[in-house]
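Structure first, then comments.
Just so it is clear, none of the values below were taken in a lab; they were calculated from the coordinates. Treat the numbers as computed from the prediction; the structure is a model and nothing was measured. Ideal geometry is used to build each Cβ from the backbone, glycine not excepted, and the neighbour counts take in all protein chains shown.
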Amino acid sequence: MADLNKLTISEAKAGLRDKKFSSVELTRDCFTEIKKRDKDLNAFVCLTEEEAIKSAENFDKKMQANEKLSDLAGIPVGVKDIYNTKGIKTTCCSPILKYFVPPYDASVITRLKENGMVMVGKTNMDEFACGASTEYSCFGVTKNPYDLDRVAGGSSGGSAAALAADMCLYSLGTDTGGSIRQPASFCGVYGMKVTYGRVSRSGVTAMASSWDTIGPFAKCPDDVADILQVIAGSDGYDSTTPNVDVPNYADFLKGDVKGLRIGLPKEYFGDGIEDETAGVVREQVKLLEKAGAHVEEISLPMTKYAVAVYYITMPAELSANLERFDAIRYGKAPSNDPEELVDYYFKARGEGFGDEIKRRIMIGTYVLSAGYYDAYYKKAQRVRTLIIEDFNKAFEKVDVLIGPVSPFPSFKVGELADDPLAMYMADALTIPASSAGLPSLACPAGMSKNGLPIGLQVIAPQFEEGRCIQVAKVLEGLK
Amino acid sequence: MLNDDQVKHVAKLARIDLKDSEVKKFGKQLSDVLDYMDILKEVDTENVELTNQVTGLNNVMRKDEVDSSKASREELLDCSELPKDSKQIRVLPTIK
């Protein structure tokens, strides 16, 4: 069989089970694609071909021995370079961690290894997951597979582009304010931002701890269900993962949308949202309505304050989290020899962080400093409460919310890189759900006139990831 | 608008060495961002609680036990580029 890399997980696992092809063949096809296209896309920052082939061989042996194997076993995956991978460089695409090799795996990687993981490599990202275009990576920008002059989105741009270009069958990212959903929508794949705490963050470098989530990119809703089934659940190494039962996500693939109440937040279709994007999403909602869903317009009046809330609280938390990067316990030592410890810190951090990280650490430091703490940080935390109340009210009336993921499709490389505030606005529609810790699944919705993917997101109440998968699955069948 | 001294002060608090050109550039960019934050002044937040945590967890405790199953002391020390001495990392003097 040719082009095995183009299969979904569901198709690949059937093929592997029926012994139509081996995991080694599947993995080799992914590397063939990577070698063909990644010099243009720059989705990967590190390839682990030898280890991947070894894992695949291991799977094939077990398969020959008719051992019972997990759904994800033998399936090639790309992993964002912010997940600790034992013995394999984990750089967060930052100069300060350029040579860092972690001594242990992130909890999610441990789980995947127990489930027969075949990792093809580590994917590109904005430095420490701070950005919306993967342009703030010390390894250079990741290009969009649909248009090489445009960005793949960010911060998990490498994972989105690698999957969209069939260089792996699924990939992993992180979503703090939109870093899975936005690149998924820019690259025309599915991207799941889970409920805060649904998936363990242990061993994934922290960005903003009250916001960070871990999740997958996939080619179809069935695959999202398969991946979540393995990675979701509480973990003793992450105290923010509550003991909430993990449902059987595959059950949600059988559902319909008859009688399902869908809310369209009018703010997600209004000012600042491109007409074409809003139109494409509305068309998809009409399909769901025809399939029996009840659609009503609702209002989330606090939406317009979400960006400001996020860009105060996130840098505050980020600046605290990145204090540990002082090049003492880990990280690149400064180039010349400072005489005193404090100079060592200044030089290591001055050389080791890129512009966007410096900006965010300084904003965070500023809003937490004496005299500004109440006016900025506490104020933002109060408005965050009001954003959450908006969603609580909405979910009294509807079961899910649907809107565009991004106000616009992918933008050109360089277009926003020097205008931080404009770049922050790219997250305007993904931040609100993050504020409330809600799950949201980005799904391909259609194409723009100039051939760029447009995505919609299905937002559900906390721990109702299944509802997002259900709507996505129905929508997939209606196309 | 943040002036140069304010930018330098914040950078000092954050332990980040800035070049003069960076002070100018960041001053403008940080001011733009902070000006934008003023939008929150429109919102009445009197008697509104702060949100620190979104899923309702509070003081999650575990046993106070050392767990070396993920990495040994030696492996953790190996992550540092600095010289090691008596199973510790040797840093520069803090007092002259």
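Things to note:
- Percent of alpha-carbon pairs separated by more than 32 Å within chain A: 35 percent
- Annotation: Cα Rg of region A:197-289 relative to the compact-globule expectation 2.2 N^0.38 Å equals 1.40.
- Note that region B:1-77 shows a convex hull volume over its alpha carbon atoms of 219 Å³ per residue.
- Bins of 10 Å from zero: percent of alpha-carbon pairs in region A:328-369: 28, 45, 26, 1
- Fully extended contour minus Cα-Cα distance, from A:Asn66 to A:Glu114, at 0.36 nm per residue: 15.6 nm
- Residue-wise HN-Hα couplings along region A:116-129, as the Karplus relation 6.51 cos²θ - 1.76 cosθ + 1.60 with θ = phi - 60° gives them from phi, are x, 4, 10, 8, 7, x, 9, 9, 6, 6, 5, 3, 6, 6 Hz; Gly and Pro carry x.
- Using a simple spin-label model with pseudo-atoms 7 Å out from Cα toward Cβ, B:Ser31 and B:Thr94 lie 3.7 nm apart.
- Across region A:399-413, coupling constants 3J(HN,Hα) worked out from phi with the 6.51/-1.76/1.60 Karplus curve, θ = phi - 60°, read 8, 9, 10, 10, x, x, 7, 10, x, 8, x, 3, 9, 6, 4 Hz, and Gly and Pro carry x.
- 3J(HN,Hα) couplings calculated from phi for region A:173-180 with the Karplus curve 6.51 cos²θ - 1.76 cosθ + 1.60 (θ = phi - 60°) are, in sequence order, x, 10, 10, 9, x, x, 5, 9 Hz; Gly and Pro show x.
- FRET efficiency, A:Ser335 to A:Lys254 (Cβ-Cβ, R0 56 Å, nearest 0.05): 0.40
- Based on C-alpha pairs under 8 angstrom that are at least 6 apart in sequence, chain A has a relative contact order of 17 percent.
- The gain in end-to-end length when the B:Leu82 to B:Asp4 segment is fully stretched comes to 24.7 nm, 0.36 nm per residue minus the alpha carbon separation.
- Given charges at beta-carbon only (K, R positive; D, E negative), |dipole| of region A:332-479 in Debye: 500 debye
- Here chain A carries DSSP beta bridges of which approximately 65% are antiparallel, counting only pairs with both residues inside.
- With a Förster radius of 41 Å applied to the beta-carbon distance between A:Asp245 and A:Thr32, the computed FRET efficiency rounds to 0.50.
- With a cut-off of 19 Å on the backbone N, the residues of region A:170-200 near the modelled label site 7 Å out from A:Asp149 along Cα-Cβ are A:186-187.
- Two-site FRET efficiency, A:Ala291 against A:Ala14, from Cβ-Cβ distance with R₀ of 30 Å, rounded to 0.05: 0.65
- Taking every residue in A:91-101 and counting other chain Cβ atoms within 10 Å of its Cβ, the average works out to 1.
- Each of B:Glu49 and A:Asn58 was given a label point 7 Å from its Cα along the Cα-to-Cβ line. The distance between the two points is 4.6 nm.
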